[in-house]
Amino acid sequence: METMNWQVEGMTCANCALTISNYLKKEGQQHVQVNPVSGEVHFELDESKISKEQLQKGVHDLGYRVTKENNVSLQPEGREPMNRQLRYVLICVPFTLVLMLHMFHRFFHGTVFYNVISNPWFQLSLCLPVYITGMSFFGRSAVKSIRNRLPNMNVLITIGASAAFFYSLYGTLTGQAEQYMFYETAATIITLVFFGNYMEDASIQHTQRALKSLARSQKVMANMIAFDDQHREQIFPVENTTLRIGDLILIKNGEQVPSDCKILWGEATVNESIITGESLPITKKQKDVLIGGSLLVDGTVKAQVTSAAENSVLANIVNLVKQAQGEKPPVQQMADRISAIFVPVVLGIAALTLIINWILIQEFEPAFMRSIAVLVIACPCAMGLATPAAIAVGLGRAAKNGILFRNAKSLELFKNITQVVFDKTGTLTTGNFEIADFKILSPAVSEEAFKQIVYSLEKYSNHPIALCIAAAWKTTNDLRWEDIQEVKGLGMKGTSKDGRVLTAGSFKAASHLTNDDLHNIYILQNDELIGWIDVKDELRPEAASIVTFLKNRNIHTVLLSGDRKAKCERIAAQLGIDEVLAEQTPEQKLLTISQLTTIQPTVMVGDGINDAPALAKATIGISLSEASQVAMQTADVVLMSQGLKNLPLALGLGRHTFITIKQNLFWAFFYNIIAIPVAAFGLLTPTFGALVMGLSDVVLAINSVRLFIKKVV
């Protein structure tokens, strides 16, 4: 089956997304995901059941339109088409404004002009184009949603506008126009709801601005290097989407890096703020990696593409953020359940409003207007929009500042965090090691042989200490192995071709041979201790301020490390960390995090392979961008800028996004709980109800957009 990625226009809330999702599932499509904020729809197409074109027509019949398929526009070539809701507004407004003049009869009464605008047949001719336009959108969508057994908001609008229109039409046809003149009500309802939908579309698009900024950076021009038959270098301008792994490119001063690549020649100053949120440029030289989307501030380089545009770091960030935006955190589940039964409940309330008011006031006309007001003021979209709008802004601001949330659930979970656990190496420390000292304990082993053994073992490890030693003692005369493996929590162990068993590991590997636990690496040969190595590391400059920030917010801090207890306690004392759990194997780390998480919600911050299980087990796992791929894939949150400096922002965004969701949901429920009874008691007209209903969603969008500028730390 083919994977389809659609861009759908016209979705305004989770109820719309649910309508499209249920339609596609009903037609036999698999793995359907619909994002109401971005308008993206992903599913596995099964053409044996229905064709792609039929599905697009079905979505169109529901009141929506597929504008892009797999990032290819389905619109005719030329200018970007006008927003459909705005186009409907512009069609309806002239007719509606003339109809509304009838309401100001005191100014025109007795004039020829008044006689014209008050004529029921003239009013019918003005209302008819508006009604037909409205029903082509609201009516069609309402009928389709009822067929799919998921009545949407358009059912309420259709019934309300149609009731006013046909009530007026009956009066016109029977010669009782004075008692049945509500054409302006029908036209105004339709026009104002179109206007509200347009305002909502504009507001929702605004919430996507951070993600759009990232997405725009994905498609740029590149200078591709090729060679002619005389081996002369030629430069060809191409779109970065055509680049493939291994292609050679030239990147000049001031240009954007078109794709992830490795520098082969040259040196440059690079601004990676679009990826990491770090505004200060950094220097890159030969063999360094450039991230697609970053900007060359100064210098010129030749580089080799390491990943295609669709698989670049920037593309993965955009895709992950889009995926996270489409997810529903637990707080949304109640709103979804209510939204699913909202329309039938409102229809019932409208019917009761008509019956009870008719009985009480003994007049059909005001009772009828009150029931219409109930229909048009009710807004299920507000409840459906509350969570997606806030999540879109929260995730967008996070991505803009170099914080990548892999799922929306993490945003909500941050509200309960009372404890943060840090790994040491590469997390609280820079991970930039250098050899401080070493000693050979066996007289039978020369310095050259000792370094050969150590390099031959450590070059197979990705641990920061191993990488440092392997880089310092690199040799071409390394040992050949029968077998070599990394034992998590202990170190590297190998069997050489001549039968020797060699180990480079932590104190645990040599604890049965010595009581001296003050060194970093112990070297064993055939279970004999032949030497040790000490390395030195430096604390991250921001580590102390991060720990202070957490303590000021009454968050308990823990240092969890596989390193020696004395060294860990010394670092904890320097930083002010509350608790130390040292000399932990990966299995023990996992068990410890499991226990800590059971007691209270816990964040785990780590970067190594041995941290991956613990990151997965924590309430929220946070990894750094320079972490191992295993750790990054396991973590819920990745800090893309180097270091911990964005940890407070991640915590703050998580908490304030949840606060915004709660505010939105409160407004959505409060609005409907107050608005429906107000309409039922006749305290507002259907026209004013339509205006308020349209603006209710805009209020949620504006409150969500505040997250862009709100102080969260």
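Computed values, structure above
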quantity: Sites residue 600 and residue 140, calculated FRET efficiency, Cβ-Cβ separation with R0 56 Å, nearest 0.05; calculated: 0.60
quantity: Share of alpha-carbon pairs per 10 Å distance bin for the stretch 545-703, given as whole %; calculated: 10, 28, 25, 11, 12, 9, 4, 0
quantity: Computed label-point distance, nm, for sites residue 283 and residue 234 using a 7 Å Cα→Cβ extension; calculated: 3.7
quantity: Among the listed pairs 536/567; 219/710; 68/409, those beyond 21 Å (Cα-Cα); calculated: 219/710; 68/409
quantity: Among beta bridges that DSSP assigns inside the chain, antiparallel share in %, nearest 5; calculated: 80
quantity: Net charge of neighbours whose Cβ lies under 13 Å from the Cβ of residue 266, counting Lys and Arg as +1 and Asp and Glu as -1; calculated: +2
quantity: Two-site label geometry, residue 304 and residue 33: point separation in nm, points 7 Å out along Cα→Cβ; calculated: 3.3
quantity: Equivalent ellipsoid semi-axes, the stretch 493-581, via Cα gyration tensor eigenvalues times 5, rooted, Å; calculated: 36, 12, 11
quantity: Projected-area mean, the stretch 434-536, by convex hull of Cα positions, square nanometres; calculated: 5.9
quantity: Rg and Dmax [Cα atoms of the stretch 648-713; Å; Rg one decimal, Dmax integer]; calculated: 15.4, 50
quantity: Cubic angstrom per residue, convex hull over Cα atoms of the stretch 220-311; calculated: 85
quantity: 10 Å-binned pair-distance histogram of the chain (Cα, whole percent); calculated: 3, 12, 18, 19, 17, 12, 8, 5, 3, 2, 1, 0, 0
quantity: Neighbour net charge for residue 463 - beta-carbon separation under 13 angstrom, K R +1, D E -1; calculated: -4
quantity: CD proxy at 222 nm, helix term only [per DSSP H run n ≥ 4: -39500 (n - 2.57); per residue of the chain; nearest 500]; calculated: -15000 deg cm²/dmol
quantity: Burial ranking of peptide ranges 301-308, 264-271 (average Cβ count within 10 Å, highest at the top); calculated: 301-308, 264-271
quantity: Projected label distance in nm at residue 659 and residue 553, using a 7 Å step from Cα toward the beta-carbon; calculated: 1.0
quantity: Mean separation of Cα contacts under 8 Å, 6 or more apart, over the residue count of the stretch 434-536: relative contact order %; calculated: 30
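Each value in this text was obtained by applying a stated rule to the coordinates, not by laboratory testing. For clarity, every value in this text was computed on a predicted model and none was experimentally measured. With ideal geometry, Cβ positions are generated from the backbone for all residues, glycine too; neighbour counts draw on all protein chains shown.
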